[in-house]
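Undergrad: The structure follows.
Derivation of every value follows stated rules applied to the coordinates shown; laboratory data play no part. Keep in mind that this is a model prediction, so the values were computed, not measured. Heads up, the Cβs are rebuilt from the backbone with ideal geometry, glycines too, and the neighbour counts pull from every protein chain shown.
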Amino acid sequence: MISWEGLAALVVGGLYGAVFGAIPGLTATLSVALFIPLAFFLDPIVALPAIIAISSVAIYAGDVGSAVARIPGTPASAAYAEELHDVCRANGPLYGLGISALGSAAGGVVGTIILIVGATALAEVATHFSSFEYFWVAVLGLTAGVFAARKAPVKGLVALLLGLLFSTIGVDPTLGYPRFHYGNTTLLGGLDYVVAMIGLFGFSEVLEYCFRPGHAIVTTIAQPSKSFFHAPLRLIRHSWSVVVRSSVVGTLVGFLPGAGADVGAWVATSYKRVSGASREQIVLAGASSNNAAVASAWIPALSLGLPGDTVTAMVLAVFLMKGIVPGPLLFENDIGLVMSLYATFLVANLVLLPCFGFLTARLAALAVGIPTRLLLSVITGVCVIGSFAMRNNPADVIIMAAMGGVAFILRRGGFPLAQVVLGMVLGPILEQHFMVSAIKSSWDLTSFTDRPITMVLAAATIITIVFGIQNRRR
Amino acid sequence: MRTLPGLLIAALGVAIWLFSVPFPQLENGYPGPALFPRAIATGMVLAATWMIVRPEQRPIRKSAQRGTWYRPVVAIMLVLAFIPAYGLAGPAVAVGIIVSSIAILLHVRILIALSTGIITAGVVHLVFVLLLGVV
């Protein structure tokens, strides 16, 4: 099902994805985008496995920055960056990244199985999603995010509102009106949440150390293979229901065009936080849901020809360039290609993720062996070049530094940082779909709950609020 | 302990509301681009009120607050120095200068700090400029 050239493409693509994903500021989407010009000249049986390997491994590798320096490489990994960093601080980066890599692999396999079994049926469900349903998905994610700050939901709410406020900077997504830009062209384009994340998590760690020298970054421990494979596998065996549930959540959110792995990871980890799960289980939930979403984003792409996220949008461009027509007929006319894609997903998750995961975890363990003060100096450089590389815009470095300052103040007041990113990710989705739905229904707000799926999502939001309040009282 | 943050958040909420006053409305008086910022502002004022009237049960430990304030400020200024340094010497050298400066700020020995800056500049040039071509 996979040719030798395809296997070679998987390995090279995986290595490329590992390097790209591990560098803050360079995302999985950017890595695929830079590969696309080359993909146009390659045979689909080589190009598509490479894209699958790049996206699967890069999404995992986004966790390497979180493990070493609390700098998430992707918005999806920001969902559990704090927990992953805490796990690495307590038990070493090999253990933390072992949970992340093997959890990602397990989630990817579950997502692939759902892709194989239910691609056509799920794609049919996706066609019933309109702006009303997307609005409620965002509301559900935000609600779970507030109660995820278990110690102080009000502070979680404030952090979330701050993130939503940051998301309003720039051109309004529905009507195109510029807001809060004060004549600055960079602000007019909006705040890039990857730049914000680098400042919020990475640079704030440097500022925290400057403020209070002496607190350690991460520790190293012996027996690398035992830490990376055995202990995380034991955790997965004991918490298999967490993996399955989070992967299903990741798949269900991930296959919705425009939602993708980022929202899936936030929803899955928020629910684990609300239910009082351990830090390891939260990392497991986030890692498995975001890789499940990578596979499920291909569901609408293969079945309907609709991109599930930016990566699959680029895949569709490759399909069209090669004369492959995605849609229901693809499963009849080109079943060989479809089967080879399924096999590639399984190989990428079962073989590549553990291998490249172990490699990157070893490198991360070496990095944390560097004296803390020196490591933090280098991290500052990585934060600067990572934020600059996003758009080749020096103003992004100012935004990154400002976000670091904001995060430093928030940390002093005991406000959580993850909710700020959640607000920035879900803010545009919430606003755009609310405004579109309101205008479509002539501002009849009852239309927000008169469709079957919206009723289910609204009920889930109410249950989350009740469950969150009860859990807090307990 | 939560009164000052509460007041600051409430002030931010009021400021957002005021800044959104000039935003246009839709036809028939329906809210337009101001709706979302005003909803956020209202949420902030309500959350701030809650923080002020319901004081935190567990006060923040004093020891956790102790630290040196000037160093985070200097670190932010050093990072902002990227803008002029980038204009003069390009991204790799600018990053190298920042890395060395931060290392010196954190009391790393000068020779080691300078070497780290040079190595980082080299790696940035190799990876970001030559191999990936992203800057």
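Undergrad: Expressed as an acute angle from 0 to 90° and rounded to the nearest 10, what is the orientation of the C-alpha long axis of helix B:3-19 relative to the principal long axis of chain B?
TA: Here the helix axis deviates by roughly 80 degrees.
Undergrad: Using modelled amide H (1.01 Å from N, peptide plane; none on Pro or chain starts), what sits under 5 Å from the amide H of A:Val171, excluding residues fewer than 5 places away?
TA: A:Arg179, A:Gly190
Undergrad: Normalised by the number of residues in chain A, what is the relative contact order in percent for Cα pairs under 8 Å and 6+ residues apart?
TA: 29 percent.
Undergrad: Also, quick follow-up: Return the calculated 222 nm mean residue ellipticity for chain B, to the nearest 500 deg cm²/dmol, obtained by summing -39500 (n - 2.57) across DSSP H runs with n ≥ 4 and dividing by the residue count.
TA: Computed mean residue ellipticity for chain B: -21000 deg cm²/dmol.
Undergrad: Once you sort the root eigenvalues of the Cα gyration tensor of the protein assembly as shown as a ≥ b ≥ c, which label holds: rounded (a/c under 1.5), prolate (a/b larger than b/c) or oblate (the other case)?
TA: rounded
Undergrad: Let me check I've understood the local charge: for A:Glu431, count other residues with C-beta under 13 angstrom from its C-beta, Lys and Arg +1, Asp and Glu -1. What total comes out?
TA: Neighbour charge sum, excluding A:Glu431 itself: +1.
Undergrad: Loop sites only, by DSSP: take the chymotrypsin sites (Phe, Trp or Tyr not before Pro) in chain A that have at most 15 other C-beta atoms within 10 Å and name the longest stretch containing none of them.
TA: With chymotrypsin sites (Phe, Trp or Tyr not before Pro) excluded where exposed in loops, chain A gives A:183-442 as its longest stretch.
Undergrad: Please report the net charge: other residues with Cβ closer than 10 Å to the Cβ of A:Thr74, K and R +1, D and E -1.
TA: With Lys, Arg at +1 and Asp, Glu at -1, the net is -2.
Undergrad: For B:119-130, what's the mean count of beta carbons from other chains sitting within 10 Å of each residue's beta carbon?
TA: Mean shielding by partner chains, rounded to a whole number: 3.
Undergrad: Scan the range A:99-156 for trypsin sites (Lys or Arg not before Pro) in coil per DSSP, keeping those whose Cβ has at most 11 other Cβ atoms within 10 Å, and list them by number.
TA: Answer in residue order: A:Lys151.
Undergrad: Hey, another quick one. Where does each of B:12-20, B:88-96 land if you order them by average Cβ count within 10 Å, highest first?
TA: B:88-96, B:12-20
Undergrad: Tally Lys/Arg at +1 and Asp/Glu at -1 over every other residue whose Cβ is under 12 Å from the Cβ of A:Leu187; what's the total?
TA: So the surrounding residues net to -1.
Undergrad: Continuing with this model, one more query. Evaluate peptide A:163-173: per residue, the Cβ atoms of other protein chains within 10 Å of its Cβ; return the mean as an integer.
TA: Mean number of neighbouring Cβ atoms from other chains: 3.
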